[in-house]
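*Asks:* First the structure, which I've put down as structure tokens, then a few questions once you've had a look.
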Amino acid sequence: MPSAKHFSNLREQYLKESFPKAYQKLQASGELAEHLEKVGQEADEMWHDLEAQLSLSPDLPGNYLERVQELETIPEKLREIVTRELIFVPPPR
């Protein structure tokens, strides 16, 4: 499971590569560290909340092997959702 720091690093890399001016602005204003920490924490919380929801979903198959296979896909689904919703979004203005 990725950590809040992992998500912060992903966000920083995304901002550097996709929005260099916004990245520089956050850095110059001294708000970058706070922004990255906030995004990392939100991503970590979202991961845990979604993981609990998906793991306990009544939609999981009843067959043991199918259930295990479905549970094994959860981390990839979580990674996709968290990065789409919190990491790979335009920076604040």
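The values are calculated or read from the model by the stated rules, or taken from the named source; none is laboratory data. Here the structure is a predicted model, which is why all the values come from computation and not from measurement. All Cβ positions, even for glycine, are placed from backbone atoms using ideal geometry, and neighbour counts span all protein chains on display. Keep in mind that these areas ignore ligands, DNA and RNA; they rest on the heavy atoms of the full protein, side chains included. Shrake-Rupley method; radii C 1.70, N 1.55, O 1.52, S 1.80 Å.
*Asks:* Would you call GLU72 modelled with pLDDT under 95 and open to solvent by 70 Å² or more (accessible area, probe 1.4 Å)?
*Replies:* Yes; evaluated as a whole, the condition is true for this residue.
*Asks:* Pairs only if they're at least six apart or on different chains, beta carbon under 8 angstrom, first in the range 1-18 and farther than 16 Å from GLU76 by Cα, second acidic (Asp, Glu) and assigned to a helix (DSSP H, G or I); list them, first residue then second.
*Replies:* Sorted first by the residue in the range 1-18, then by its partner, the pairs are ALA4/GLU37; ALA4/ASP44; SER8/GLU37.
*Asks:* Now a separate question. Regarding the range 35-48, can at least one residue be identified that is in contact with a helix residue (DSSP H, G or I) (Cβ under 6 Å, 6 or more places away or on another chain), within 16 Å of VAL89 (Cα to Cα) and of a type in the set (Lys, Arg)?
*Replies:* no
*Asks:* Among the residues of the range 25-38, is there at least one that is among the basic types (Lys, Arg) and surrounded by 15 or more Cβ atoms within 10 Å (Cβ to Cβ)?
*Replies:* yes
*Asks:* Test of understanding: among GLU31, GLU45, which residue is at pLDDT 95 or above and within 18 Å of the chain's Cα centre (by Cα)?
*Replies:* GLU45
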